[in-house]
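Q: Sending over a structure as structure tokens; questions will come in a sec.
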Amino acid sequence: MNKIFTLFFALLMVIGIIGCSNQSEKVKEKISPDDVFIEEFSKAINERWAEQDKLEGTEEDKIYTEKNVGILEKELKSIEKSLANVEDKELKELGNQYVEGAKSQIEMFKTNDLELQFEYNEKSEKLRKPALIKLVDEYNVIIEEKFQQTYKDFKEQATVINKENDANNFAEKLAQEIVLKKTTDEYGDLMYTAIVENTSDIEFESIHYDVQLKDSSGIVIGNEYIYLENFMPGTKQKVELTYLSEDTATLELSLNYLELK
């Protein structure tokens, strides 16, 4: 009986070990490349903020810049390694967007040209922060408790950036859709008119377009401007371009600037 019991117990142990092994294999199978990226990204962003917090007391700008660049490059190296294997299309796009924004931030720190610094910073802000917000809200990137306020500030800034991006995209699209019709005024002079409608939910203080006048050969023969003021959702405004050259064959609009309410 003892031998039988011993054999039975040994058999149970073997089955248990195999069962545990199978369970371990199943757990391993569940860890997808996307999950690995989320985990690595979470680790990288928290480590980045932790290391940047340590720089607060650094007095020399050169030392601060060099160390900050090192921190950012370390973060990028960690993120890009796991990003390469991501399968989810949108997740990969967000990861690439964040990486591109972080690279622009690095370039901002590396240059002494103030104009370039502004351009790199603007690009970084428009890419990195909105991407981070989506990664947290939609893909469960984990932000540690001690960095929740930092993330909250990011989210507020990203909301503004997203609004600006949406406004810019709408204004750019509108420039392609405005159809200026050729006509004449009461004196028989050439003019172009159009009715422009704000079909978005964005409140514009103003939109400014540059208009190039071209002849039949595509040569620029003049420049005009279109201003849309107090351009609120659902409203329509009439646009008129007058005193144009009779040689004008086509008009080409491009967005100059916009201002939101």
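The values are calculated or read from the model by the stated rules, or taken from the named source; none is laboratory data. Model, not experiment: these values are computed from the prediction. Backbone-built Cβ (ideal geometry, glycine too); neighbour counts: all protein chains shown. To get the accessible areas, we keep the full protein, side chains included, count just its heavy atoms, and leave off ligands, DNA and RNA. Shrake-Rupley method; radii C 1.70, N 1.55, O 1.52, S 1.80 Å.
Q: Find, to one decimal place in angstroms, the Kirkwood hydrodynamic radius of the chain, where the mean of 1/r is taken over every pair of different Cα atoms and then inverted.
A: In the chain this quantity evaluates to 23.6 Å.
Q: Can you give the net charge of the other residues whose Cβ lies under 11 Å from the Cβ of Glu164, counting K and R as +1 and D and E as -1?
A: Local charge sum for Glu164: -2.
Q: Rounded to the nearest 500, what is the chain's calculated 222 nm mean residue ellipticity when only DSSP H runs of at least 4 contribute -39500 (n - 2.57) each, over all residues?
A: About -20500 deg cm²/dmol.
Q: How much area per residue is accessible in the range 153-196 when the probe is 1.4 Å and only protein heavy atoms are counted (Å²)?
A: I get 63 Å² per residue for this part.
Q: Rank these by accessible area, largest first, 1.4 Å probe: Ile226, Ile63.
A: Sorted by accessible area, descending: Ile63, Ile226.
Q: Right, another one. Under a GNM of the chain (C-alpha, springs under 10 Å), which listed residue has the highest mean-square fluctuation: Ala44, Ala194, Ala158?
A: Between Ala44, Ala194, Ala158, it is Ala194 that shows the largest mean-square fluctuation.
Q: Right, another one. What span do the alpha-carbon atoms of the range 153-261 cover on each of the three principal axes, reported in whole Å from largest to smallest?
A: 56, 28, 16
Q: Report the accessible area of Glu119, computed with a 1.4 Å probe over the heavy atoms of all protein chains in place, in Å² rounded to the nearest 10.
A: 90
Q: Helix check for the chain. Which DSSP H runs span at least 20 Å along their own axis by Cα, with a mean Kyte-Doolittle hydropathy no less than 0.0?
A: Span-like helices here: 2-30.
Q: Charges on Cβ only, +1 for Lys and Arg, -1 for Asp and Glu, centred on the Cα centroid of the chain; of Gly234, Gln97, Trp49, which one is farthest towards the dipole's positive end?
A: Toward the positive end, the furthest listed residue is Trp49.
Q: Quick one: which of 92-98, 215-221 comes out on top by average Cβ neighbours within 10 Å, and what's the full order, highest first?
A: 92-98, 215-221
Q: With a 1.4 Å probe and all protein chains left in place, how much of the accessible area of the chain comes from carbon and sulfur atoms, in whole percent?
A: After summing per-atom areas, the C and S share lands at 50 percent.
Q: Moving on to the next point. If the cut-off is 25 Å between C-alpha atoms, which lysines fall inside it for Lys181, apart from same-chain ones fewer than 8 positions away?
A: Filter leaves Lys173, Lys214, Lys236, Lys238.
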